[in-house]
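Reading through the C-alpha coordinates given below for one structure.
The values are calculated or read from the model by the stated rules, or taken from the named source; none is laboratory data. Since the model is a prediction, treat every value here as computed from it, not as a measurement. Don't worry about glycine lacking a Cβ; one is built from the backbone with ideal geometry, like all the others, and counts go over all protein chains shown. Side chains are part of the model used for accessible areas, which takes the heavy atoms of the whole protein and leaves out ligands, DNA and RNA. Shrake-Rupley method; radii C 1.70, N 1.55, O 1.52, S 1.80 Å.
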Amino acid sequence: MALRRGVTFQARFEDDGVGMAPVNLSAWRGSLPVRDGLTTTDHLPEASEYSLHGTYLQDRLGNRIDGSTEVLGGPFSTDYVAPTITADRPSGAPLAGPITHEDGTVTDDALVFLVADPLLADGAAGSGVSRLSIRPAGTVTAGVARVTLAQLRAAGATGQTTVIVTATDLAGNVTTVEQEVDLASSH
(Lines give C-alpha, C1' and ligand atoms only; values in the text may rest on other atoms or scores of the structure.)
Protein backbone atom coordinates (compact mmCIF):
# COMPACT_ATOMS: atom_id res chain seq x y z
CA MET A 1 0.00 0.00 0.00
CA ALA A 2 1.27 3.47 -0.87
CA LEU A 3 0.09 6.61 0.89
CA ARG A 4 0.35 10.24 -0.23
CA ARG A 5 0.86 13.36 1.91
CA GLY A 6 -1.95 14.23 4.28
CA VAL A 7 -3.20 10.73 5.10
CA THR A 8 -4.14 10.62 8.78
CA PHE A 9 -3.72 7.73 11.20
CA GLN A 10 -5.97 6.78 14.07
CA ALA A 11 -6.40 3.66 16.20
CA ARG A 12 -9.03 2.99 18.79
CA PHE A 13 -9.20 0.26 21.39
CA GLU A 14 -11.91 -0.47 23.94
CA ASP A 15 -11.97 -2.13 27.30
CA ASP A 16 -14.80 -3.22 29.57
CA GLY A 17 -13.68 -0.95 32.40
CA VAL A 18 -13.11 2.80 32.53
CA GLY A 19 -12.36 3.23 28.81
CA MET A 20 -9.21 3.80 26.82
CA ALA A 21 -7.09 6.90 26.44
CA PRO A 22 -6.23 7.91 22.86
CA VAL A 23 -3.64 5.59 21.32
CA ASN A 24 -0.21 7.11 20.71
CA LEU A 25 1.04 5.81 17.32
CA SER A 26 4.56 5.43 16.01
CA ALA A 27 6.03 4.57 12.61
CA TRP A 28 8.81 2.03 12.25
CA ARG A 29 11.06 0.93 9.38
CA GLY A 30 12.39 -2.54 9.96
CA SER A 31 13.16 -2.86 13.66
CA LEU A 32 13.76 0.87 14.25
CA PRO A 33 11.25 3.51 15.35
CA VAL A 34 11.14 6.50 12.98
CA ARG A 35 8.49 8.77 14.47
CA ASP A 36 6.56 8.75 17.74
CA GLY A 37 3.29 10.64 18.15
CA LEU A 38 2.39 10.02 14.52
CA THR A 39 -0.91 11.43 13.27
CA THR A 40 -0.33 11.95 9.52
CA THR A 41 1.99 10.99 6.67
CA ASP A 42 3.12 14.64 6.69
CA HIS A 43 5.37 13.62 9.62
CA LEU A 44 7.17 10.90 7.65
CA PRO A 45 9.91 11.12 5.04
CA GLU A 46 9.07 9.53 1.70
CA ALA A 47 10.20 5.90 1.98
CA SER A 48 9.14 2.28 1.70
CA GLU A 49 8.35 -0.44 4.24
CA TYR A 50 6.87 1.45 7.17
CA SER A 51 4.81 -0.28 9.83
CA LEU A 52 2.45 1.36 12.28
CA HIS A 53 2.74 0.53 16.00
CA GLY A 54 1.03 1.65 19.16
CA THR A 55 3.66 3.23 21.40
CA TYR A 56 1.61 2.23 24.42
CA LEU A 57 -1.97 1.43 25.30
CA GLN A 58 -3.45 3.10 28.35
CA ASP A 59 -6.83 3.18 30.03
CA ARG A 60 -8.29 6.36 31.49
CA LEU A 61 -6.93 5.54 34.96
CA GLY A 62 -3.36 5.44 33.65
CA ASN A 63 -2.86 1.69 33.53
CA ARG A 64 -0.43 1.28 30.66
CA ILE A 65 1.10 -1.51 28.62
CA ASP A 66 3.87 -1.24 26.05
CA GLY A 67 2.40 -1.47 22.56
CA SER A 68 5.52 -1.05 20.46
CA THR A 69 5.87 -4.73 19.67
CA GLU A 70 2.39 -4.95 18.14
CA VAL A 71 2.07 -4.01 14.46
CA LEU A 72 -1.23 -2.22 13.94
CA GLY A 73 -0.80 -1.58 10.21
CA GLY A 74 1.53 -2.00 7.30
CA PRO A 75 3.66 -2.50 5.52
CA PHE A 76 3.08 0.75 3.67
CA SER A 77 5.14 3.23 1.72
CA THR A 78 4.85 6.98 1.49
CA ASP A 79 4.93 8.29 -2.09
CA TYR A 80 4.78 12.06 -2.40
CA VAL A 81 5.83 12.63 -6.02
CA ALA A 82 3.45 12.41 -8.97
CA PRO A 83 4.37 10.50 -12.11
CA THR A 84 6.38 12.29 -14.81
CA ILE A 85 5.05 12.77 -18.32
CA THR A 86 7.46 13.49 -21.19
CA ALA A 87 6.39 14.27 -24.77
CA ASP A 88 8.52 13.23 -27.75
CA ARG A 89 8.28 16.69 -29.38
CA PRO A 90 7.86 20.30 -28.28
CA SER A 91 4.46 21.90 -27.78
CA GLY A 92 3.05 23.37 -30.99
CA ALA A 93 4.88 20.92 -33.27
CA PRO A 94 2.96 19.65 -36.31
CA LEU A 95 1.45 16.17 -36.42
CA ALA A 96 1.67 14.62 -39.87
CA GLY A 97 -0.61 12.05 -41.46
CA PRO A 98 0.54 8.63 -42.61
CA ILE A 99 4.24 8.40 -43.47
CA THR A 100 5.44 6.19 -46.34
CA HIS A 101 8.92 4.79 -45.72
CA GLU A 102 11.54 3.89 -48.34
CA ASP A 103 10.66 0.20 -48.04
CA GLY A 104 7.02 0.97 -48.86
CA THR A 105 5.65 0.47 -45.35
CA VAL A 106 3.25 3.08 -44.04
CA THR A 107 3.05 4.19 -40.40
CA ASP A 108 1.08 6.91 -38.67
CA ASP A 109 3.02 9.84 -37.24
CA ALA A 110 2.17 9.97 -33.54
CA LEU A 111 2.69 12.33 -30.64
CA VAL A 112 3.99 10.02 -27.90
CA PHE A 113 4.04 10.64 -24.15
CA LEU A 114 6.17 8.47 -21.86
CA VAL A 115 4.96 8.16 -18.28
CA ALA A 116 7.05 7.01 -15.32
CA ASP A 117 6.68 6.99 -11.55
CA PRO A 118 9.90 8.31 -9.95
CA LEU A 119 11.83 6.39 -7.32
CA LEU A 120 11.03 7.14 -3.70
CA ALA A 121 13.48 9.28 -1.73
CA ASP A 122 15.02 6.09 -0.24
CA GLY A 123 15.67 4.68 -3.74
CA ALA A 124 12.83 2.15 -3.71
CA ALA A 125 10.44 1.94 -6.65
CA GLY A 126 7.57 4.43 -6.65
CA SER A 127 4.05 3.13 -6.14
CA GLY A 128 3.46 2.75 -9.89
CA VAL A 129 1.12 4.37 -12.37
CA SER A 130 -2.45 3.22 -11.77
CA ARG A 131 -4.35 5.39 -14.28
CA LEU A 132 -3.28 7.03 -17.51
CA SER A 133 -5.61 8.92 -19.84
CA ILE A 134 -5.30 10.99 -23.01
CA ARG A 135 -7.88 13.49 -24.35
CA PRO A 136 -9.47 14.27 -26.75
CA ALA A 137 -8.33 11.01 -28.36
CA GLY A 138 -5.49 8.52 -28.35
CA THR A 139 -4.40 5.12 -27.06
CA VAL A 140 -2.81 4.12 -23.78
CA THR A 141 -0.61 1.05 -23.25
CA ALA A 142 1.92 0.24 -20.53
CA GLY A 143 3.01 3.74 -19.52
CA VAL A 144 2.75 5.21 -23.03
CA ALA A 145 0.03 7.54 -24.32
CA ARG A 146 -0.04 7.94 -28.10
CA VAL A 147 -2.18 10.09 -30.41
CA THR A 148 -2.28 10.21 -34.20
CA LEU A 149 -3.67 12.72 -36.68
CA ALA A 150 -6.41 10.25 -37.66
CA GLN A 151 -7.50 9.86 -34.01
CA LEU A 152 -7.64 13.64 -33.50
CA ARG A 153 -9.55 14.19 -36.76
CA ALA A 154 -12.03 11.46 -35.76
CA ALA A 155 -12.56 13.35 -32.48
CA GLY A 156 -13.35 16.54 -34.45
CA ALA A 157 -10.05 18.35 -33.85
CA THR A 158 -8.73 20.91 -36.34
CA GLY A 159 -5.97 23.57 -36.40
CA GLN A 160 -4.13 24.03 -33.09
CA THR A 161 -5.39 21.34 -30.72
CA THR A 162 -4.60 20.71 -27.09
CA VAL A 163 -3.84 17.13 -26.08
CA ILE A 164 -4.18 16.46 -22.35
CA VAL A 165 -2.46 13.53 -20.64
CA THR A 166 -3.19 12.73 -16.98
CA ALA A 167 -1.31 10.15 -14.90
CA THR A 168 -2.14 9.00 -11.37
CA ASP A 169 0.03 6.76 -9.20
CA LEU A 170 -1.21 4.20 -6.67
CA ALA A 171 -0.74 6.69 -3.83
CA GLY A 172 -3.13 9.12 -5.56
CA ASN A 173 -0.55 11.68 -6.75
CA VAL A 174 -1.71 13.22 -10.04
CA THR A 175 0.07 15.08 -12.82
CA THR A 176 -1.38 16.54 -16.00
CA VAL A 177 0.42 17.76 -19.12
CA GLU A 178 -1.19 19.85 -21.83
CA GLN A 179 0.52 19.81 -25.22
CA GLU A 180 -0.41 21.81 -28.30
CA VAL A 181 -0.25 20.08 -31.68
CA ASP A 182 -0.59 21.77 -35.05
CA LEU A 183 -3.05 20.01 -37.34
CA ALA A 184 -3.44 22.96 -39.73
CA SER A 185 -0.39 22.03 -41.83
CA SER A 186 -1.43 18.36 -42.03
CA HIS A 187 -3.50 16.97 -44.88
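Taking all protein chains into account, the per residue accessible area for the stretch 118-187 stands at 49 Å² (1.4 Å probe).
With a cut-off of 19 Å, note down the residues of the stretch 46-82 whose backbone N falls inside the zone around a label point 7 Å from the Cα of Ala21 toward its beta carbon. Those under the cut-off are 53-70.
With q set to 0.09 Å⁻¹, the log10 of I(q)/I(0) for the stretch 35-187, from the Debye formula over equal scatterers at the Cα positions, is -0.47. Taking 7 Å steps out from each Cα toward its Cβ at Asp88 and Asp36 produces label points 5.6 nm apart. From the largest down, the stretch 1-67 spans 39, 24, 17 angstrom on the principal axes of its Cα atoms.
Between the beta carbons of Glu180 and Thr141, assuming R0 = 41 Å, the FRET efficiency works out to 0.95 to the nearest 0.05. Sorted from longest to shortest, the spans of the Cα atoms of the stretch 89-161 along the three principal axes equal 47, 32, 21 Å. More than 15 Å apart: what percent of Cα pairs in the stretch 72-120 qualify? Value for the stretch 72-120: 67 percent of Cα pairs lie more than 15 Å apart.
Ranked from largest, the principal axis spans of the Cα set of the stretch 32-101 equal 80, 22, 19 Å. Helix content alone sets the calculated 222 nm mean residue ellipticity of the chain: runs of n ≥ 4 DSSP H residues at -39500 (n - 2.57) each, divided across all residues, give -500 deg cm²/dmol.
Is the stretch 30-73 best put as rounded, prolate or oblate by its Cα gyration tensor, with a ≥ b ≥ c the root eigenvalues, rounded for a/c under 1.5, and otherwise prolate when a/b is larger than b/c, oblate when not? Prolate, because a/c is 1.5 or more and a/b exceeds b/c.
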